[in-house]
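First comes the structure, then the notes that go with it.
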Amino acid sequence: MQEDFLYYLWKNRLFESTSLKSINAEQIEIINPGQRNDDSGPDFFNARISIDGFLWAGNVEIHVKASDWTKHGHTKDRAFDTVILHVVYDADVAIKRADGSTIPTIELRGKYDNHRWQHYLDLIQGASKWVPCEKNFLDVPEIVRHQWFDRLLVERLEERTKSIKELFIQTRNNWEESFYRHLSRSFGFRVNTIPFEILSSSLPLATIGRHKNQLVQIEAILYGTAGFLGSIHNDDYYTKELKKEFRILQIKFGLKPMSVHLWKFGRLRPGNFPTIRIAQLASLLYHHEQLFDAVIHANGFAELIDMLDVTASPYWSRHYSFDATSEFSEKNLGRSSIESLIINSIAPFTFFYGQYHQQDYLVQKSLIWLEKCKSENNLILRGWEQIGLKVKDAAGSQALLHQKKMYCDFKKCVNCGIGNYLLKYP
């Protein structure tokens, strides 16, 4: 027996509950099973249970064996004194609160359809190497899947905003600064995420903002702090200007360059070299002094795309790095890169801002932006395609990524909208 299955039975009342009695012969009537608690404390809260005709409101704890109460240390945890009902598969011992009173306990063994248990085992113990229900996933009605995907998308965004909240606190509740750092991190496009994070943390937006009218100064302070200017071998006009400007700015602001070896170039397409991404970030900061303010006030998705569609300065039209020339090619950010920034940074940050200020229109705007972006293409999404599920937009792909990472990989079928449906209608 597994606790997850007992949670599922309790939440959905899928057991014989007429004339239900506790192990001490108390008459039990379930008015409301309560809400699942995913944090510390009892498993279900706000339950309403009638015990021998008296209505109780409080928490419910669930275990495979009643003795697990002691094994899990609940006896010493005062949070569990609020438990009004103990639900177990095997009532091997009676459990008491800290004050010595016995907690009413019901035993579910023999009170549910055994075929449901077998179906649960088939689902979570299947030989599938992808997701437990891959053979039946598409049997779930489309409307059920869509409703579940909508919830998954919100869960995904809420999960991603945890790091944004930490960043917001670190920057002392400075929206523009925290957005700049979060967006800069995404300019690393996974491979250089950490170096971009170090760069933006070392170089406050306010420092860059003092030179908002001079692109070459913004580039100088970014490249210099990133450590690139100390490793340049050629000496053309552009690099001379950067070095000259950075020498002044370094003394002025006490800047300490990063180790250039932190930046990765290997196995990257030239257009994704960090030298190009820094130039594009510089251009974006140059064109928008209050970047986050401009983002949340964008009138529609097309305006947001136009705002982000920046091009690196002319020097980079014939360079991918400082020490080598290349054929002419304007280094604009590009639609796919813009959408990647929206998916991984701009939409989650706007979602967090909307929730923080209780501005639902911004929460909805962030969801709409994801619906406007194309679906991502990675190993996980290709796996979903192999079982017949292909999504067109980033809202769908983000939902599927969350489904795999947070539910399927841990076989949390009883907590999953798809798994719940399959268990109810095998």
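Any read-out appearing in this document is the output of simple, stated calculations on the displayed coordinates, not a laboratory observation. Quantities reported herein were computed from a predicted structural model and do not represent experimental measurements. Counting neighbours? That spans all protein chains shown, and the Cβs are built from the backbone with ideal geometry, glycine included.
Some values worked out for this structure:
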quantity	calculated
Unit charges at the beta carbon, dipole of the chain: most positive-side option, Leu400, Pro274, Asn234	Asn234
Student exercise, the chain dipole from Lys, Arg, Asp, Glu Cβ charges, in Debye to nearest 20	920 debye
Sequence of Trp56, Trp175 once ranked by neighbouring C-beta atoms within 10 Å, starting from the fewest	Trp56, Trp175
Sequence of Ser101, Ser366, Ser50 once ranked by neighbouring C-beta atoms within 10 Å, starting from the fewest	Ser101, Ser50, Ser366
The chain - mean residue ellipticity at 222 nm from DSSP helices (-39,500 (n - 2.57) per run, n ≥ 4, rounded to 500)	-13500 deg cm²/dmol
In nm, spacing of pseudo-spin labels at Ile23 and Val144 (7 Å Cα→C-beta vector)	3.5 nm
Charge dipole (debye, nearest 20) of the stretch 149-259; +1 at Cβ of Lys and Arg, -1 at Cβ of Asp and Glu	260 debye
Positive-end residue, the chain charge dipole about Cα centroid, Cβ charges, pick of Gln364, Leu152, Leu304	Leu304
Lys pairs under 24 Å by Cα in the stretch 348-426, provided they are eight or more residues apart or on distinct chains	22
Sparsely packed trypsin sites (Lys or Arg not before Pro) within the stretch 8-47, loop by DSSP, other Cβ within 10 Å at most 14	Arg13
About the Cα centre, charge dipole magnitude for the stretch 3-112 (Lys/Arg +1, Asp/Glu -1 at Cβ), debye	80 debye
Reach of Lys243 by Cα under 28 Å, taken over lysines that are not fewer than 8 positions away in the same chain	Lys212, Lys252, Lys256, Lys264, Lys331
GNM result for the chain, Cα springs below 10 Å: residue of Ser283, Ser336, Ser19 fluctuating most strongly	Ser19
Helix 114-124 vs. the chain, principal-axis angle (Cα, 0 to 90°, nearest 10)	20 degrees
Degrees between helix 3-12 axis and first principal axis of the chain (Cα, 0 to 90, nearest 10)	80 degrees
Calculated FRET efficiency for the pair Asp393/Tyr356, C-beta based, R₀ 22 Å, to 0.05	0.30
Rounded FRET efficiency, nearest 0.05, which uses the C-beta distance separating Leu379 from Lys76 and R0 of 56 Å	0.80
Contour excess over end-to-end distance, with Cα ends at Lys162 and Ser50 and 0.36 nm allotted per residue	36.5 nm
The chain - share of DSSP beta bridges that are antiparallel (%, nearest 5)	65 percent
Chymotrypsin sites (Phe, Trp or Tyr not before Pro) within the stretch 245-336, DSSP loop, no more than 12 other Cβ atoms inside 10 Å	Phe328
Under 15 Å from the Cα of Lys96 - aspartates and glutamates, other chains or at least 8 residues apart	Glu61, Asp68, Asp77, Asp81
Extreme residue, positive dipole direction of the chain, given options Thr70, Thr207, Tyr315 (C-beta unit charges)	Tyr315
Nearest-0.05 FRET efficiency for Met1 and His115, computed from C-beta distance (R0 22 Å)	0.90
Nearest-ten-degree value, helix 215-226 long axis tilted from longest Cα axis of the chain	60 degrees
